[in-house]
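J.: After the structure tokens below, expect a handful of questions from me.
Read the figures in this text as sums done on the coordinates, not as results from a lab. Just so we're clear, the structure is a prediction, and the values are computed from it rather than from any experiment. Using ideal geometry, Cβ is built from the backbone for each residue, glycine included, and neighbour counts are taken over all protein chains shown.
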Amino acid sequence: MPQDARHHFRAEAEANAAAFDVRNKRGKLELHVRAQARQLRELELSQDVARLELKLAQQNQGVIQAQFDQGRATLSQLEQAQLDENDKWLAFLDAGFARQQAQLALLQTTARWRASSSEHSGLAASTAVRIPGI
């Protein structure tokens, strides 16, 4: 076999190995991005639940306040309703913060992917990752 043919086959094998490596890394990244997107969606739902629980606590506090004004509830009941509302506020804010952290992590992952993809000619367009909900 001539020297040129061996170099050609070796270069072709290396190119095939590199293409396989890129496809493998792309697949792993897609799985990671999908997992991050799924986690983000779950945290968005958790924030919705926390918002609804806060709304319920606010309504309950309003009812207890009205009952207290009419003399039908004790100061202890009113204070407990206010504490419950405060707890729900904290839970809502924590849920929002967790959602924002997950969203930031997802955006950082996709930004790194785009930056590394743009370093490889032609890969950025052929390896776009679709992120549901963003």
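J.: Working out 0.36 nm times the residue gap between residue 14 and residue 76, then minus their Cα-Cα distance, what length gain in nm do you get to one decimal?
T.: Between residue 14 and residue 76, full extension yields an extra 14.7 nm.
J.: Rg to Rh for the chain: what is it, with Cα atoms only and Rh by Kirkwood?
T.: So for the chain, dividing Rg by the Kirkwood Rh gives 1.42.
J.: Among 84, 21, 94, whose mean-square fluctuation peaks in a Gaussian network model of the chain (Cα, cutoff 10 Å)?
T.: 21
J.: Calculate, in nm to one decimal, what residue 28 and residue 97 gain on full extension: separation in residues at 0.36 nm each, minus their alpha carbon distance.
T.: 22.1 nm
J.: Okay, helix-only estimate at 222 nm for the chain: each DSSP H run of n ≥ 4 adds -39500 (n - 2.57), divide by all residues, round to 500 deg cm²/dmol; what do you get?
T.: The per-residue figure over the chain is -32000 deg cm²/dmol.
J.: Describe numerically, in nm with one decimal, the distance between label points set 7 Å from Cα along Cα→Cβ at residue 51 and at residue 35.
T.: My value for the distance between the label points is 2.8 nm.
J.: Can you give the FRET efficiency to the nearest 0.05 for residue 67 and residue 112, using r as the Cβ-Cβ distance and R₀ = 41 Å?
T.: In this case the efficiency is close to 0.15.
J.: Check cross-link reach from residue 88 to the lysines: straight Cα distance under 24 Å, and skip same-chain residues fewer than eight apart.
T.: The reachable lysines, counting only those whose Cα sits under 24 Å from residue 88, are 55.
J.: Which of the aspartates and glutamates could a cross-linker bridge to residue 25, judged by Cα under 18 Å and excluding same-chain residues fewer than eight apart?
T.: Within the straight-line cut-off, residue 25 pairs with 14, 119.
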